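Below: the structure, in structure tokens.
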Amino acid sequence: MVSSQLPPAPVIYLVEPFGGSVRRQNPNMPHVFWDDAAVTRGDGIFESILVRGGKPLNLGKHLDRFARSAKLLGLPEPGREHWTRATEEAVADYCRERGDDNVEAKCTWTFTRGRETTGAPTAWLTVRPLPEQVLRQRKRGVSVLTTPRGYSIDNDVPWMRGGAKTLNYALTMAALRWAGQQGADDVVFVDPVTDRVLEGATSSVLMVKKGGRLRTPAAGNGVLVGTTQSAIFEHAAAQGWKCKAKDIYLSELFKAESVWLVSSTRVAARIKRLDGTKLPAPDNESEIRQLIEEAIA
């Protein structure tokens, strides 16, 4: 039987992109107009942030990437203090209304080129519950298929903005639907010619090798800088792990101690099955999970 219980209403704040006011928005009232570039072109940027213990985690790295994405797309610079204040107010509202300061949630920032008729950017943020699927994949791991993106990224083309986290996720969502139809949970994109590993649909790939080594695909050439992966490398290096971002090829994933998809809200999901091949559970899985949790905290 399908539950009739609705999920808790999100907390929505409208953010004036040039450092003006921030204000609460009724989730049942419309805000985005018919001619907003997010709707008509997918022209904008976003960030997803984990809320835990009443605080947005890894905030500095998200602010850095948000500003970098805005610059790459020619959007106004998002003020760090402005977005931080809006986020803290929205998170406080959400926790108070849920009656639980320790609740986990997902905060999403959205910044678009705005309405065609006004030329003014549009910006807002939401705080809402984590999907059950995210929590389940954290605990149980994921089955993954590899696939080419279906297009190539040429860094010599000046208008290609591969380093930005943009709203244009239609092809990514199509890849995830395809994986689901095949009985898998997620995808890892690979170069169709070389089998070079790129990234997950909404995550970074983290490979654990013997000898205390952590590897991730180098950013650029189809790989977005991951905020969670960066935090993990910083913390792990301080703990004596040997961390390196380098080209990784598909065959290496099958030989690793373990392979993980890491991202802001799912945090970490171990790849249990890759292209139909079962990957054995490593002896140090609990150690890796603890390392990742310490890094994002």
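Read-outs: derived from the displayed coordinates by stated rules, not from any lab. Model, not experiment: these values are computed from the prediction. FYI the Cβ positions are ideal-geometry reconstructions off the backbone, even for glycines, and counts take in every protein chain you see.
Here are a few things to note about the model shown:
- Treating each Cα of region 135-296 as an identical point scatterer and summing with the Debye formula, the log10 of I(q)/I(0) at q = 0.09, 0.10 Å⁻¹ comes to -0.27, -0.34.
- For region 11-130, the fraction of C-alpha pairs more than 16 angstrom apart is 59%.
- Within straight-line cross-link reach of Lys278, lysines at Cα separation under 16 Å, skipping those fewer than 8 residues along the same chain: Lys255
- For the pair region 194-223 / region 1-75, the C-alpha centres are spaced 27 Å from each other.
- Region 239-280: translational diffusion in µm²/s, Stokes-Einstein, Kirkwood Rh over Cα pairs, 37 °C, 0.692 mPa s: 274
- Set of lysines near Lys55 by C-alpha distance (under 18 Å), chain-local residues within fewer than 8 positions excluded: Lys106
- Based on Cα contacts under 8 Å between residues 6+ apart, region 135-296 shows a relative contact order of 27 percent.
- Here region 135-296 is treated with +1 on each Lys and Arg Cβ and -1 on each Asp and Glu Cβ, and its dipole about the Cα centre works out to around 360 debye.
- Cβ-based charge dipole, the chain, positive-most Cα from Ala174, Ser264, Ser286: Ser286
- Per-peptide average of other Cβ atoms within 10 Å, ordering 27-39, 50-62 highest first: 50-62, 27-39
- Structure note, pairs Lys71/Lys244; Lys139/Lys272; Lys139/Lys210; Lys209/Lys246; Lys61/Lys139: Cα-Cα distances above 18 angstrom occur for Lys71/Lys244; Lys139/Lys210; Lys61/Lys139.
- Compared with the dominant principal axis of the Cα atoms in the chain, helix 170-181 is inclined by about 50°.
- Nearest-0.05 FRET efficiency for Asp275 and Val193, computed from C-beta distance (R0 25 Å): 0.90
- Under the convention that each Lys and Arg Cβ holds +1 and each Asp and Glu Cβ holds -1, the size of the dipole of the chain around its Cα centre is about 540 debye.
- Less than 5 angstrom separates the built amide H of Glu257 from those of Val208, Lys209, Lys210, all sequence-distant by 5 or more or on a different chain.
- Point-to-point label distance, Glu285-Arg41, nm (Cα→Cβ direction, 7 Å offset): 4.7
- Average Cα contact separation per residue, the chain, under 8 Å, 6 or more apart, as relative contact order %: 18
- C-alpha long axis of helix 59-72 to longest principal axis of the chain, angle in °: 80
- Rounded FRET efficiency, nearest 0.05, which uses the C-beta distance separating Ser21 from Trp178 and R0 of 35 Å: 0.25
- Cut-off 14 Å between beta-carbons: net charge of the residues surrounding Ala120, Lys and Arg +1, Asp and Glu -1: -3
- Here the chain is treated as a sphere whose radius is the Kirkwood value from Cα pairs; by Stokes-Einstein at 25 °C and 0.890 mPa s it diffuses with a coefficient of 121 µm²/s.
- Distance histogram for region 186-231 (every C-alpha pair counted, 10 angstrom bins, percent rounded to whole numbers): 26, 54, 19, 0
- The length gained on full extension between Glu104 and Leu171, counted as 0.36 nm times the residue separation minus their Cα-Cα distance, comes to 21.3 nm.
- Under 5 Å between amide hydrogens, built in the peptide plane, is the criterion, and for Glu199 it picks out Phe189 among residues at least 5 positions away or on other chains.
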